[in-house]
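Shown next, in structure tokens, is the structure this report addresses.
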Amino acid sequence: MQSANGTVDKSLGLARNIPCRIGDITLYLQIHVIRDPAYDILMGRPFDVLTESIVRNYTNEDQTITIRNPNSGEVTTIPTLPRGSRKHRFKPDKETQNFRVTSRN
């Protein structure tokens, strides 16, 4: 997988049809799992096309993304996080090899 910053990371696998709640919308996504990426979540062109996403940038450096549920037409707007302020870290559980969310702190 190639990230927006040009780095290439090997995918650990593909998780299929994972329900992801973004704002008030639940989407079922195909998610590539990457070990220790520089981001919490990276959405690409397929996501942008599916959700008809609109990115808005503001003079105070805030940014929002507006997405549309392709099934219901529902629309929601969410803020983005500044670089370096990752909210979560995903770690595999040693016994089950399933991934769990842990705090970055």
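The values are calculated or read from the model by the stated rules, or taken from the named source; none is laboratory data. Keep in mind it's a predicted model, so treat the numbers as computed, not measured. Backbone-built Cβ (ideal geometry, glycine too); neighbour counts: all protein chains shown. Ligands, DNA and RNA are excluded from the accessible area calculation, which covers all protein heavy atoms including side chains. Shrake-Rupley method; radii C 1.70, N 1.55, O 1.52, S 1.80 Å.
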Heavy-atom accessible area of segment 1-82 with neighbours in place, 1.4 angstrom probe: carbon+sulfur share in percent works out to 52 percent
About its Cα centre, segment 1-57 carries a charge dipole, from +1 on Lys and Arg Cβ atoms and -1 on Asp and Glu Cβ atoms, whose size in debye to the nearest 20 is 120 debye
Note to self: with every protein chain in place and a 1.4 Å probe, segment 1-76 gives an accessible area per residue in Å² of 73 Å²
Under 19 Å by backbone N from the virtual spin label 7 Å along Cα-to-Cβ at Tyr28, the residues of segment 53-76 are 68-74
Computed ³J(HN,Hα) along segment 44-49: with the Karplus parameters 6.51/-1.76/1.60, θ = phi - 60°, integer Hz and x for glycine or proline, the list is x, 4, x, 5, 4, 5
Candidate cut points under chymotrypsin sites (Phe, Trp or Tyr not before Pro) in segment 1-78, DSSP loop plus at most 13 other Cβ atoms within 10 Å of their own Cβ, are Tyr39, Tyr58
Computed from the beta carbon distance with a Förster radius of 25 Å, FRET efficiency for Thr77 and Thr7 to the nearest 0.05 stands at 0.30
Going residue by residue through segment 66-78, the Karplus relation 6.51 cos²θ - 1.76 cosθ + 1.60 with θ = phi - 60° gives ³J(HN,Hα) values, rounded to whole Hz and with x marking Gly or Pro, of 9, 10, 10, 6, x, 8, 9, x, 4, 10, 9, 10, 10
In segment 1-54, the trypsin sites (Lys or Arg not before Pro) that sit in a DSSP loop and have at most 13 other Cβ atoms within 10 Å of their own Cβ are Lys10, Arg35
